[in-house]
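So the structure is just underneath, and the comments pick up after that.
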Ligand SMILES: CC(C)(COP(=O)(O)OP(=O)(O)OC[C@H]1O[C@@H](n2cnc3c(N)ncnc32)[C@H](O)[C@@H]1OP(=O)(O)O)[C@@H](O)C(=O)NCCC(=O)NCCS
């Protein structure tokens, strides 16, 4: 089941987020995102356990994906794909652009985004401690 996150989900979201950034809960204040009116936090729940989430900010016709994480035990089961599809459709028909940043060596994520029509539009050299970053974008037709 895919649904919007609630405050009850924050500890588990932070736990999954730590797989992406070691200080995830300080970088991304999920409790603030849940009430700021322009962020989306969406979770994928399987047998009452959150096994993945996606978060993004949405301004007018542009959606910027901040985090997308799937529990390692549940990967390669289309969970990230379903979260992305849900987010994009939740943004509505007026959506023109989706953007995100990804580490240049993160092949699983880059493959996933390319499958969804994202293209690499810019490379930020040494953006991460040990890696470059790609800025990827997907324009709606
Ligand atoms: C990237 C991530 C979110 C993918 O989640 P997932 O649920 O396993 O992805 P899906 O099952 O929806 O995969 C969809 C497509 O993505 C690509 N992909 C996913 N995992 C991959 C892997 N390990 N190697 C290569 N391609 C991969 C494939 O094209 C896959 O399609 P396929 O299974 O038909 O080949 C997951 O690996 C993850 O949480 N990684 C750590 C956090 C992270 O890096 N997040 C992205 C930061 S921007």
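Only the coordinates and a few stated rules stand behind these numbers; no lab work does. The model shown is predicted, which means the values in this text are computed figures rather than measured ones. Heads up, the Cβs are rebuilt from the backbone with ideal geometry, glycines too, and the neighbour counts pull from every protein chain shown.
Annotations
- When segment 75-105 is filtered for residues that are at positive phi and either more than 11 Å from the ligand (Cβ to nearest atom) or in contact (Cβ under 8 Å) with a residue 40 or more places away in the chain (or both), only 92 remains.
- Enumeration of residues in segment 37-74 that are within 13 Å of the ligand (Cβ to nearest atom) and surrounded by fewer than 18 Cβ atoms within 10 Å (Cβ to Cβ): 46, 64, 72, 73, 74
- Summed over segment 106-121, residues that are part of a loop (DSSP other than H, G, I, E, B), within 9 Å of the ligand (Cβ to nearest atom) and farther than 19 Å from residue 44 by Cβ total 1.
- Checking the stated criteria, residue 132 turns out to be more than 10 Å from the ligand (Cβ to nearest atom) and touching a strand residue (DSSP E or B) at 6+ places or on another chain (Cβ under 6 Å).
- Here segment 4-32 is the region considered, the condition is being surrounded by 17 or more Cβ atoms within 10 Å (Cβ to Cβ) and over 23 Å from residue 103 (Cα atoms), and the residue that is nearest to the chain's Cα centre (by Cα) is 5.
- Residue in segment 83-93 that is in a helix (DSSP H, G or I) and in contact with a helix residue (DSSP H, G or I) (Cβ under 8 Å, 6 or more places away or on another chain) present: yes
- Against the list (1) part of a strand (DSSP E or B); (2) crowded, with 19+ Cβ neighbours inside 10 Å, the condition residue 101 fails is (2).
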